[in-house]
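Down below is the structure, laid out as structure tokens.
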Amino acid sequence: MMNAADGKNLLVPIGIFPSQDENVEEFKKMVSELESKPFASKNAYRVYPTMHHGWAAARANLDDEENLKQYKDVYSRLATFFQNAA
């Protein structure tokens, strides 16, 4: 699990998409730390408060309308992040 201190040593852009099962406050601290980095505009961050851990991977329930909607959203964000991170 990453924490805010990890953000201090980060040298490249990062995409962070926590679910309701992650410590969102810790991720917010990391994002705050990353705002001072020269690559700050290339970072991607969004909390998915209605999703469980694994909702966009092995534990995804794509028959569930909300899960499918958020699944599509995060993969769209990931594609944009990788296009812009270079």
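The values are calculated or read from the model by the stated rules, or taken from the named source; none is laboratory data. Every value quoted in this text rests on a predicted model; they were computed, and no experiment measured them. Neighbour counts are summed over all protein chains in view; Cβ atoms, including those assigned to glycine, are modelled from backbone coordinates with ideal geometry. Each accessible area value is taken on the protein alone, full model and side chains, heavy atoms only, with ligands, DNA and RNA left out. Shrake-Rupley method; radii C 1.70, N 1.55, O 1.52, S 1.80 Å.
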Surface accessible to a 1.4 Å probe, per residue, for the residues of the chain, Å²: 64 Å²
List every residue whose amide H lies under 5 Å from the amide H of Gly15, counting only residues 5 or more places away in sequence or on a different chain, with H placed 1.01 Å from N in the peptide plane. Ala44
Would you work out what percent of the accessible area of the chain, with all protein chains in place, is carbon or sulfur (probe 1.4 Å)? 52 percent
Explain nothing, just the number: relative contact order of the chain, from Cα pairs under 8 Å at least 6 residues apart, as a whole percent. 31 percent
Around Ala4: net Lys/Arg minus Asp/Glu count, Cβ-Cβ under 15 Å: -2
Match the structure shown to one of the listed values (1) 49, 38, 28; (2) 39, 32, 18; (3) 40, 27, 16 of Cα extents along the principal axes in Å, computed from it, and give that label. (3)
Considering only lysines 8 or more places apart in sequence, or on different chains, count the pairs in the chain whose C-alpha atoms sit under 20 Å apart. 8
Got a sec to turn the phi values of the range 55-62 into Karplus ³J(HN,Hα) couplings, 6.51 cos²θ - 1.76 cosθ + 1.60 with θ = phi - 60°, whole Hz, x for Gly and Pro? 4, 10, 9, 4, 9, 5, 10, 6
Whole-Hz Karplus ³J(HN,Hα) for the range 8-23, in order, using 6.51 cos²θ - 1.76 cosθ + 1.60 and θ = phi - 60°, x for Gly and Pro? 5, 9, 5, 10, 9, x, 9, x, 10, 9, x, 9, 5, 8, 9, 7
Given the candidates Phe17, Phe39, Asn61, the one whose Cα lies deepest towards the positive end of the charge dipole of the chain, counting +1 at each Lys or Arg C-beta and -1 at each Asp or Glu C-beta, is Phe39
